[in-house]
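S.K.: Below is one structure. I have some questions about it.
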Amino acid sequence: MTVDSVTIALVGSGGAGAMTAGQMLLDAAANVGWYGLMSRSTGPQIRGGEAAALVRLSPTPVHGPGDRFDIIIAFDWQNVERFAAELPLSDKSVIITDPSQGEVPAVLAASGAKQVELPIKELAGKIPGGRVNMVGLGAVAAIIGLPRAGIDAVIQKALGKKGDAAIQASNAGIDAGSKEVAGWNLGLELAAPNKDGATRWNISGNEAAGLGALKGGVKFCAAYPITPATEILEWLAPNLAKTGGKLVQAEDELASIAMCLGASFSGVPSITATAGPGLSLMTECIGLGVASETPVVIVDVQRGGPSTGIPTKSEQSDLNIAVYGLHGDAPHLVVGPTSIGDCLFTTQWAVHLAEALQTPAIVLSDQAMGQSRAIIDKPADAPYTAKRLLATDLGGEDKYKRYANTESGISPAAIPGMPGGEHTADGLEHAENALPSSQASDHQKQLDKRLRKLTSFDFGDAWADIEGEGEIAVVTWGSATGPAREAVRRLQAAGKKARLVAIRLISPVQPSKLAAALEGVTKVLVVEQTHGAQFHKFLRGHYDLPGEVSVFSRPGPLPIRAREVHETLLSLI
């Protein structure tokens with residue numbers, strides 16, 4: 001018998017190679033045609049210390065973490081108690097332990113999981129240059145039925161530059177681990193992959209966001225490194241250069257957003273990437289972008305808060321500051337990708353929207369998407385790219401109206417250097433000709449205009465992902481979409497009707513569209529990863545939700561799992 005999904009945790013302290021083995025496992029699975037998802041658990045020190053590579057594999061697309069771990073393999077047990085709550089087990093799970101590393105910690109043994117011994121350190125010690133993580137990789141691959149050809153390609157690619165000795169040692173370790181578990185028959189062999197010939201990508205959410213920025217037309221990035229957003233900058237640095245763009249590592253977040261506004265004011269589509277603490281610092285300049293109608297994209301890869309919070313764990317708790325955090329009435333765009341692959345589309349769309357509407361756009365990703373890797377089908381090409389409405393009827397400050405009160409609310413922009421396009425540019429309220437004004441009539445007119453251009457714009461069908469039908473609906477957003485989607489599909493597979501609405505366009509709100517999406521619904525379950533149910537309160541503040549409304553909400557660092565959402569839905573039926 002085979003299984004349709006297998007979830008594996010590779011655990012070890014710094015230097016044991018758990019992350020490397022997990023990455024190789026995911027890459028090998030991609031090579032043979034499986035889908036997969038790899039997240040990671042690390043301590044607050046970010047580098048070094050205890051760590052776990054958390055991998056889920058399946059012959060069908062993987063939407064989120066598994067309900068429990070089928071296999072935990074430990075290279076050592078150092079400080080595993082610090083993230084044991086992130087490793088749910090049952091009596092059907094298997095713990096592979098090295099007897100030289102002591103007993104299985106009580107917090108894991110209490111699950112009733114089956115314990116089997118594998119002398120990982122001893123086997124690695126018999127191999128010149130042997131590594132415990134390669135022994136563990138070989139054991140796991142054999143248990144789940146991962147073809148050796150998939151691993152060989154990964155070893156060659158990862159270690160080719162290190163020479164034959166490194167390759168031989170790794171292969172020997174894999175052979176040793178595989179041989180040692182032969183005949184275990186744990187019932188965890190994964191079903192064969194679907195050989196459909198479709199192109200698959202192995203990508204992280206941060207890499208996808210970077211690619212979306214390029215496809216959208218971004219040519220400039222200024223940013224300050226911060227966990228868990230730094231990989232966006234690392235990916236953009238070489239790839240922006242290939243397109244003739246530039247990346248600047250600024251001295252702090254405030255300088256970053258100011259540089260981006262300056263580049264955008266000169267006509268160059270711009271982006272920055274940060275996390276919650278950085279977004280807090282950027283809010284004044286984001287308001288400047290609203291007032292001056294200067295487009296810019298800010299990717300916020302959310303993490304646990306407040307303050308420094310939990311840098312290495314995921315949460316959706318920047319929603320309030322993203323929507324409401326600017327002083328004054330400052331309407332702007334807030335969007336949230338619904339999956340790792342959707343980080344590409346949503347960021348590309350955000351660039352398009354920011355430029356078209358001449359306003360800042362905040363992209364709310366999070367650590368669970370940004371720093372996780374997934375094997376996905378190649379995303380479809382999207383038509384969205386940067387295109388700003390530029391002025392053609394110029395004539396100097398006495399004639400050109402930078403903030404002309406147009407019907408759409410979008411005013412033709414003059415790029416510095418355009419003859420006749422001279423105008424005052426600052427953060428003060430202004431008249432249509434851009435000259436500072438404190439007149440009530442000018443303030444009212446500009447407030448109305450800045451709001452109108454967002455509320456009257458046609459965002460099309462991309463505002464949300466809508467699936468299924470029935471009287472019960474799950475409304476969610478961001479990384480909570482994956483487990484919510486899987487939970488809804490489990491209901492549907494059992495013959496029960498349910499629908500999913502994953503909102504991508506958070507602001508401006510779309511009340512008529514959500515009302516249509518929820519027509520006929522009598523029960524709504526809101527799913528989110530916050531302590532204060534921010535998303536539910538946001539929905540209540542701006543939408544009329546039909547029928548009985550329930551909330552599944554909890555903060556990080558524990559991920560939301562499909563089983564939990566599914567059980568909550570069953571309790572509502």
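Laboratory data are not the source of any read-out in this text; all were calculated from the coordinates shown. Small disclaimer: the values here were computed from a predicted structure and weren't measured. Please note: Cβ atoms are built from the backbone with ideal geometry, for glycine as well, and neighbour counts cover all protein chains shown.
S.K.: Once the Cβ-Cβ distance between T455 and K114 is put in as r, and R0 is 51 Å, what FRET efficiency do you end up with, to the nearest 0.05?
M.R.: My answer for the efficiency is 0.30.
S.K.: Please report how far the C-alpha centroid of segment 536-564 lies from that of segment 284-347, rounded to the nearest whole angstrom.
M.R.: Centre-to-centre distance over Cα atoms comes out at 19 Å.
S.K.: Separate question: I need the Kirkwood Rh of segment 237-325: take the reciprocal of the average 1/r across all distinct C-alpha pairs and report it in angstrom.
M.R.: About 13.8 Å for segment 237-325.
S.K.: Next question. With θ taken as phi - 60° and the coefficients 6.51, -1.76 and 1.60, list the Karplus ³J(HN,Hα) couplings across segment 17-26 in order, rounded to whole Hz; mark glycine and proline as x.
M.R.: Whole-Hz 3J(HN,Hα) from phi for segment 17-26: x, 4, 5, 4, 5, x, 5, 5, 4, 5.
S.K.: For a quick protection proxy, order the peptides 517-525, 554-562, 69-77, 469-477 by their average other-Cβ count within 10 Å, most packed first.
M.R.: In descending order of packing, they fall as 69-77, 469-477, 554-562, 517-525.
S.K.: Using the Karplus curve 6.51 cos²θ - 1.76 cosθ + 1.60 with θ = phi - 60°, what ³J(HN,Hα) values do you get for each residue of segment 332-345, in whole Hz, with x for Gly and Pro?
M.R.: Each residue's phi maps through the Karplus curve to give 8, 8, 9, 10, x, x, 9, 6, 4, x, 6, 4, 5, 4 Hz.
S.K.: Separation between the N405 and D252 pseudo-spin-labels, each 7 Å from Cα along Cα→Cβ, expressed in nm?
M.R.: Taking the two extended label points, one gets 4.0 nm.
S.K.: Around S550, which amide H atoms from residues at least 5 apart in sequence, or from another chain, sit under 5 Å from its own amide H, with H modelled in the peptide plane?
M.R.: V524, L525, V526
S.K.: Once the other residues with Cβ under 13 Å from the Cβ of Q348 are scored (Lys, Arg +1; Asp, Glu -1), what is the net sum?
M.R.: That works out to 0.
S.K.: Can you return the lysines within cross-link range of K449? Criterion is Cα-Cα under 18 Å, with same-chain partners fewer than 8 residues away left out.
M.R.: By straight Cα distance, K449 reaches K401.
S.K.: Still on this structure, I have one more. Taking amide hydrogens as modeled 1.01 Å from N in the peptide plane, which residues meet the under 5 Å criterion relative to Q115, leaving out close sequence neighbours?
M.R.: Long-range HN contacts for Q115: I95.
S.K.: List every residue whose amide H lies under 5 Å from the amide H of K246, counting only residues 5 or more places away in sequence or on a different chain, with H placed 1.01 Å from N in the peptide plane.
M.R.: Distant-sequence amide H within range of K246: F220, C221.
S.K.: Another question, then. In the chain, what percentage of the DSSP-assigned beta bridges are antiparallel, given to the nearest 5?
M.R.: 40
S.K.: Per-residue HN-Hα couplings for segment 357-365, Karplus 6.51 cos²θ - 1.76 cosθ + 1.60 at θ = phi - 60°, whole Hz, x for Gly and Pro?
M.R.: 9, 6, 7, x, 10, 9, 9, 8, 8
S.K.: Further, regarding this structure: Could you give the distance between the Cα centres of segment 226-243 and segment 79-143, to the whole Å?
M.R.: Value for the Cα centre distance between the two parts: 35 Å.
S.K.: Given points 7 Å out from each Cα along the Cα-Cβ axis, report the A182 to H327 separation in nanometres with one decimal.
M.R.: Going by the 7 Å Cα→Cβ label model, 7.2 nm.
S.K.: Now, a different point. At a Förster distance of 30 Å, what's the computed FRET efficiency of K126 paired with D91, Cβ-Cβ distance as r, to 0.05?
M.R.: For K126 and D91, the calculated efficiency is 0.35.
S.K.: Under 8 Å for C-alpha pairs, at least 6 residues apart: give me the relative contact order for the chain, rounded to a whole percent.
M.R.: For the chain, the relative contact order is 13 percent.
S.K.: Using only the alpha carbons, work out the radius of gyration and Dmax of segment 8-124 in angstrom.
M.R.: 13.8, 38
S.K.: Can you work out D for segment 389-457 in µm² s⁻¹ from Stokes-Einstein, where Rh is the Kirkwood radius over C-alpha pairs, the temperature is 20 °C and the viscosity is 1.002 mPa s?
M.R.: 175
S.K.: Same structure, new question: Alpha carbons only, please: Rg and Dmax for segment 161-289, in angstrom.
M.R.: Answer for segment 161-289, Rg first and Dmax second: 22.2, 67 Å.
S.K.: Convex hull over the Cα atoms of segment 462-572, averaged projected area in nm²?
M.R.: 6.2
S.K.: Looking at the calculated P(r) for the chain, what percent of the C-alpha pair distances fall above 42 Å?
M.R.: Here the tail beyond 42 Å accounts for 26 percent of pairs.
S.K.: Run the numbers for E471 and R68: contour at 0.36 nm per residue of separation, minus the present Cα-Cα distance, in nm.
M.R.: Contour length minus the Cα-Cα distance gives 142.1 nm.
S.K.: Something else about it: Along Cα→Cβ, 7 Å out, is where each label goes; now give me the distance between the ones at T308 and A380 in nm to one decimal.
M.R.: Between T308 and A380, the simple spin-label model gives 4.6 nm.
S.K.: Would you mind computing the Rg to Rh ratio of segment 202-377 from its alpha-carbon coordinates, Kirkwood style for Rh?
M.R.: 0.93
S.K.: Right, next: R0 = 30 Å: FRET efficiency of S571 with R82, Cβ-based, nearest 0.05?
M.R.: About 0.40, to the nearest 0.05.
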